[in-house]
Amino acid sequence: MEILVCVKRAPDTLENEITVNKDGTNIEQEDLVYSVNEWDNYAVEEAIQIRDKVGGSVTVVTVGDEDAEEVLRREMAMGADNGILISDKAFENSDGKGIASILKAEIEKGKYDLILTGAQADDGAGQIGGMLAAMLDLPYASLVNKIDSEDGKLTIGREIEGGAQEINEIELPCVLSIQTGINEPRYVGIRGIRKVASIEIPVRTASDLGLDTNAVGDAGAKVKKLDYFIPETGDGAEMLTGSQEEIADKLIELLKAKGGMK
Amino acid sequence: MNRQLFAYITHQNGVANDSAFELAAAAKKISADTSVTAIVTGKGEGLTKVCEQASSAFAKVWKIEDDAFAYPNAELIRALILKILPEKSVILLAHDTFGMDLGPGLSIKLNASFISDVVNIEGTDGDALKTVRQEYSGQVSTHISCDIADGAVINIRPGAFKPEEASIGGKIEDKSSEAAGIAAKRKYVKTIEAEVGDVDITKSEVLVSIGRGIEDEDNIEIAQELADAIGADVSCSRPIVDAKWLEKSRQVGTSGQTVKPKVYIALGISGSFQHLGGIKGSPFMVAVNKNANAPIFQVADIGITDDLLDFVPVLTEKIEKL
Amino acid sequence: MESLLIPPANAEFFGMSLKIFGILIPIIGVSLFVYIMFKRILPLMQAQPDFRTDKIGERIMTFLKVGLGQSRHPRFITAGIIHIVIFVGFLILALNSSNLVIVGFIPGFTLPGLSGAVGGVYIALKNIAATLVLFACIIAMIRRGLFTPKRYKVPEKYGHDHTAEAVFVLIIISVLMITDSLFEAAPIIEHLKTGEAKEIIIPGTITWLFVATLKNASQGALQSLYLISYFIHDLVFFFFLCFLPLGKHFHVITGLLNIFLSKLNKGSIKPVKWGISEEQLDNLESFGVKKITDFTWKHILDFYSCADCGRCSDRCPANRVKRPLSPRFISIKARDYIFNEYPLCGANKNRQDKKGDNMLIGDIFEEDEIWSCTTCGACEAECPILIEYIDKIVDLRRAMVDEGMVPQSLQKPLGALNKRGNPYGKLEKKRSAWIKEKDFAAECEVKTLSAKQNADTLYFVDSITSYDDRMILIAQATSKILNAAQIDFGILGKAEKDSGNEVRRFGEEMLFCELKDQNIEAISASGATSIVTSDPHAFNTLKNEYKDIPKAEHISQLILRQLKQNKLTLSPETTGKTYVYHDPCYLGRHNDIYDAPREAIDAIPSIKRVEMTDNCKDKSFCCGGGGLMLFYEPEEETRMGTIRVQMAKEAGANVIVTACPFCMVNIEDAIKTSGLEGEMEVIDLAELIANHIK
């Protein structure tokens, strides 16, 4: 099976303290460290496991600047066969649709049976997989936490509310967005990455992909981030005082307001 | 400006989900004076009831009944919506596991803009809709401007908008004939329910979390009753698991689960670095602790200095009476 | 003295000379033994290199002390004494047994030097030895067969019980002792009859017993016993020789050699591959032990040498809390696997179709088994023949890391260590936040060292003590002590990375090298001429694994020196509490620092300190492990810390003094979970001393 996994380089909330920069145009970039988006990593592991079972190859692709190459290498160290970096100044500030159309252009140059994305990213909107599927006219399922492959089609589980699993059959080729917990991604150490350090990773630009630069990037974006701000929170706990009854009443009102009560 | 507003309503067992009325509220924030049409799909007796419920908050309800919609398969419903939605409409979906499945692809097919997981709508300026989203598990928020001239699919975070309480008495229109010929390459097979007692606290929106202040295994009941009353799950800190009072899967912390609830009620938890490391996404945190100097009060939003064994039963009783 | 009995080499049986057997038995026996040993050595030849011929002086001393001196044995008193008796007996009897073999074809042969008076004394000594060995064997059989001590039990998952083999060998030894003595006794009786006896018969020996009971036997009967005992001895002797390399009694052959070749540099982990420098590591195809021949030859010799005595597992804290690890079976499983992979007859099918090259993990070892080890070193402190475990565990972990088989619970801290230099993913610039805390900063100034800001002494804080809200108190106490002793000191601040002690021990060698290199650079930029740390894990790796940095010492050593030089004076203890010192593994067992912390505590006037007598110093019981072990989620029935707190309580202490932040985490947790809050408490040595500075 020829599998393509779309991945993204993003700051992991476990390894960063996310704050807003001085002028509120972005998150504070100083001291940020980046990783492969956690959900994407599960998707790559799943692709590798499928390939190891049924044969074929795994290609990882990302849209980003030259730094994004590091996540491709990491996923190749994990076991992906090929990497493709799609990078062009014109792609900056693309909205979700822009990214999806860039990926679509690349995907159409190859022939893939299965396209995986992460279900979401900490800095994203969980939209690329669904958009890509619609653009390619392929069936789609989101939040996939189980994949069984049998001839020509897949049986997949989707994680739905209440910890339940929705089982579907889906025809190949298709696009799936992968939920965390579907597998246990293998560890990639420094050594693994060094082993793939010298592998050539092709870079695709807008012209390579025949993309109209007005349809992507800032120019093509219909959805734009205006600013960043910190959601209001108090500093330190507000201590509730009064009788137990009074405190309980106050707390109930607060819980209602914050969605803590059904 | 003649922009039409729609909302797709999900429902279970003949009852419209709360999100239906939240979508009505959200739609009002886009345009207070535009009448909104609810789209309700399904099969069977409950469907009419759902449509009636929807009609209280929506001016118009389109009812589409067909075997194909007995279970909400996003691929089939996308095809239906494409067929029936007027050009350049704005359609609202709940950002739940169904809305996440449907929204992005639908926006492409409609050639409309897509905004996901909207927590607030600040209004429109011409064709520009200004909304608020969160990033990095809610650590930062962003204002998003979206061009909705060619229509839009807007996914609304469940619980973010106060549900619309109105009795418009909207008109129910049966559009079931539109369902003819709809097919998809993805087929719903079945739903496997979560195992009883196998609570995945990483997915819980509200957690009642207990620590050493619970003192005795039997007292866990006190926390469980509060959790039942507010629809929460019970989690804990490491000592509780070590004492084998709860399963490891319930432990929050660096050596346990990483949770991202909306509301976290810490009962008798001192708030060690290891425990707090397992709580992400800046939930609204309530701490109950005997010790006024417990570090948990530095990070909690609301603090109560009291013995949880005394306070929590009072709280639970009041909630149960509501 | 002429024997009145016909010696075996001259005897005939139905007209056939028995000399033929006297020659054939040794030839066949020795040939078989050489063949078996050749088969056993084969895997060693295919194994990885290991450098074990350095520091000959130290090796000889270890050999004399632990080998010939049997110094580890009395730690388990009954088994220890039995073993020493049999061991010494064997050494003495070996000479006589060799002599006996030759007697089979050269009548009346005596080894040079064994004739005359010396020979007489030797024979007397030998008779005593044979008697004691027989006696020891009988006690051992009773003990092993009837009262089987718990540590010999074989849990079901590790296969069948080993009692039968043990008892069988004891019987063999007994037969050797009996036949040896009978062969000796028969001619004496004949001499006694003729009044020519000049042999010294020690009363109470088996020989004496035979002489006493058989003194009236006919010459014919004695002649038969004489020959029968000889040939039984001859046969059993060579059977025993060839039987040794087939099981746990291989240690009789390999044990002393194993001790001579043992690891000398405690506290450091073996290189990924001996002879390959850090710079060359990138060229290695594979890391760690994946298949059996990825072990070094010495590690395979370890497996051969394991006598299955169970002392390692008896003291292993992981085994005690029922984690899926028992060090004894690491050796036994590997030994059985090698015996199976390299059979004595024919070729192993697995090896031919390369199945023998499969991962040992998943075959004979389990992932959780290998991750369960806290590397506390209790097993190695106990092993009477100095078998190494930590290096093997680390090598197996290196293989798992190389294959990506790392539990999710460890992947996150490893990722954070790689990106941020600490396992918590905290910002680098917050590493020194503890020095700016208002109350502390008012009392004690801490410099942050760099190329521009130097100090004599570098305080290496390490991750947990820098970031953990509780542990920063240790950092602050340490600083106060340095301050009080008027030592010019500073910290590295954000330039400091995790020391990597656990990163290395969890098998992530490359990450360890990166952390180490960054630290070495920062340390040399700081211009410091000495290093002190309050974290024994950091201390261990800085001292034993970092190169080209100033000498590192633990704060307890520095405190003691300052006390002795009167640069620190301590106020008396007034709480009336009873203190007990818990030895951190990386301070005690790995670096032999047992006394400095105790002396420092005792320097506090009127302090009351007790010992956990059976569980202190090199018998200390691990708190649960440090560094990455805090993130790993083992299956276990209880926690090590809980047991440790119980030990302290039983010793009569209210306060556990430790000298390691990880011990603090684990013991503090255990006090809470045991419901002993208010009754027991834990304090770091640095805090205790800082509280008492005048």
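No value in this document is a laboratory result; all are computed from the given coordinates. Just so you know, these numbers come straight off a predicted model, no measurement behind them. Positions of Cβ are backbone-derived with ideal geometry, glycine not excepted, and every protein chain shown enters the neighbour counts.
A few points about this structure:
- Near A:Val20, the amide H atoms lying under 5 Å from its own belong to A:Glu28; only residues 5 or more places off or on other chains count, and H is placed 1.01 Å from N.
- Alpha-carbon Debye profile of the protein assembly as shown, log10 I(q)/I(0) at 0.06, 0.08 Å⁻¹: -0.66, -1.02
- Legend: mean number of C-beta atoms from other chains within 10 angstrom of residue C-beta atoms, peptide A:119-130, equals 6.
- Mean ellipticity per residue at 222 nm, deg cm²/dmol - from DSSP H runs of n ≥ 4 across the protein assembly as shown, formula -39500 (n - 2.57): -12000 deg cm²/dmol
- Degrees between helix B:97-110 axis and first principal axis of chain B (Cα, 0 to 90, nearest 10): 30
- Placing +1 on the Cβ of every Lys and Arg and -1 on the Cβ of every Asp and Glu, with nothing else charged, gives the range B:5-179 a dipole about its Cα centre of roughly 100 debye.
- Beta bridges by DSSP in chain C, antiparallel share as percent, to the nearest 5: 10
- Averaged over B:110-117, number of beta-carbon atoms from partner chains that fall within 10 Å: 5
- A viscosity of 1.306 mPa s and a temperature of 10 °C, combined with the Kirkwood radius over C-alpha pairs in the Stokes-Einstein formula, give chain A a diffusion coefficient of 78 µm²/s.
- For chain C, dividing the convex hull volume of the Cα atoms by the residue count gives 185 Å³ per residue.
- Cβ neighbours within 10 Å from other chains - mean over B:286-294: 2
- With a simple spin-label model that places each label point 7 Å from the Cα along the Cα-to-Cβ direction, the separation between A:Ala164 and C:Ile138 comes to 7.7 nm.
- Between helix C:219-243 and chain C there is an angle of about 30 degrees, using the helix long axis and the longest principal axis of the Cα atoms.
- For a label point 7 Å along the Cα-to-beta-carbon line of A:Glu245, residues of the range B:305-322 with backbone N under 17 Å: B:311-322
- As a rough guide to protection, the peptides C:600-607, B:260-267, B:141-148, B:170-177 ranked by mean Cβ packing within 10 Å, highest first, stand as B:260-267, B:141-148, C:600-607, B:170-177.
- Neighbourhood net charge (11 Å Cβ-Cβ; Lys/Arg +1, Asp/Glu -1) for A:Thr19: -3
- Highest average packing first - C:274-281, B:204-211, Cβ atoms within 10 Å: B:204-211, C:274-281
- Whichever lysines have a C-alpha closer than 28 Å to that of A:Lys89, once near sequence neighbours (fewer than 8 apart) are set aside: A:Lys8, A:Lys22, A:Lys97, A:Lys104, A:Lys109, A:Lys111, A:Lys222, A:Lys224, A:Lys225, B:Lys109, B:Lys130, C:Lys419
- Angle in degrees between helix C:555-564 and the longest Cα principal axis of chain C, rounded to the nearest 10: 80
- Radius, Kirkwood style, for the range C:278-402 when every pair of distinct Cα atoms is counted (Å): 15.2
- Among B:115-128, C:211-224, the order from most to least packed when residues are scored by Cβ within 10 Å on average: B:115-128, C:211-224
- Farthest towards the positive end of the charge dipole of the range C:55-246, among the residues C:Cys242, C:Gly220, C:Thr148, is the Cα of C:Thr148, using unit charges on the Cβ of Lys, Arg, Asp and Glu.
- Pair C:Ile20, A:Asn82: separation of 7 Å Cα→Cβ label points (nm): 7.9
- 3J(HN,Hα) from dihedral phi, the range C:458-467, Karplus parametrisation 6.51/-1.76/1.60, rounded to Hz, x for glycine, proline: 9, 8, 8, 8, 6, 4, 5, 6, 7, 10
- Using Cβ point charges alone (K and R +1, D and E -1), the dipole size of chain C about the Cα centre works out to roughly 540 debye.
- If you bin all the Cα-Cα distances of the range A:17-162 at 10 Å, starting from zero, the percentages per bin are 10, 37, 37, 13, 3, 0.
- Normalised by residue number, the volume inside the convex hull of the Cα atoms of the range C:55-246 is 168 Å³ per residue.
- Efficiency of FRET from Cβ geometry, A:Lys195 and A:Gln29, R₀ 35 Å, rounded to 0.05: 0.70
- Along the range C:599-611 the Karplus relation, 6.51 cos²θ - 1.76 cosθ + 1.60 evaluated at θ = phi - 60°, assigns HN-Hα couplings of 5, 5, 5, 5, 6, 7, x, 6, 7, 10, 10, 10, 10 Hz to successive residues, with x for each Gly and Pro.
- Projected label distance in nm at C:Val121 and A:Asp212, using a 7 Å step from Cα toward the beta-carbon: 11.0
- Checking the Cα-Cα distances for C:Lys298/C:Lys547; C:Lys153/C:Lys392; C:Lys438/C:Lys672; B:Lys260/C:Lys430; A:Lys195/C:Lys494; C:Lys270/C:Lys290 against a 19 Å cut-off, the pairs over it are C:Lys298/C:Lys547; C:Lys153/C:Lys392; C:Lys438/C:Lys672; B:Lys260/C:Lys430; A:Lys195/C:Lys494.
- Think of it this way: in chain C, C:Cys137, C:Cys242, C:Cys306, C:Cys309, C:Cys316, C:Cys345, C:Cys373, C:Cys383, C:Cys444, C:Cys513, C:Cys616 stand alone, with no other Cys Cβ under 4.7 Å.
- Förster-model FRET efficiency, 22 Å R0, C:Gln408 and B:Ile192, C-beta, rounded to 0.05: 0.40
- Extents of the range C:421-562, largest first, come to 41, 30, 30 Å (Cα atoms, principal axes, whole angstrom).
- With viscosity 1.306 mPa s and temperature 10 °C, the Kirkwood radius over alpha carbon pairs of chain B converts through Stokes-Einstein to a diffusion coefficient of 73 µm²/s.
- FRET efficiency, 1/(1 + (r/R0)^6) with R0 22 Å, evaluated for C:Phe109 and C:Val30 via beta carbons: 0.80
- Projected-area average for the range B:201-321 over all orientations - Cα convex hull basis, square nanometres: 6.3
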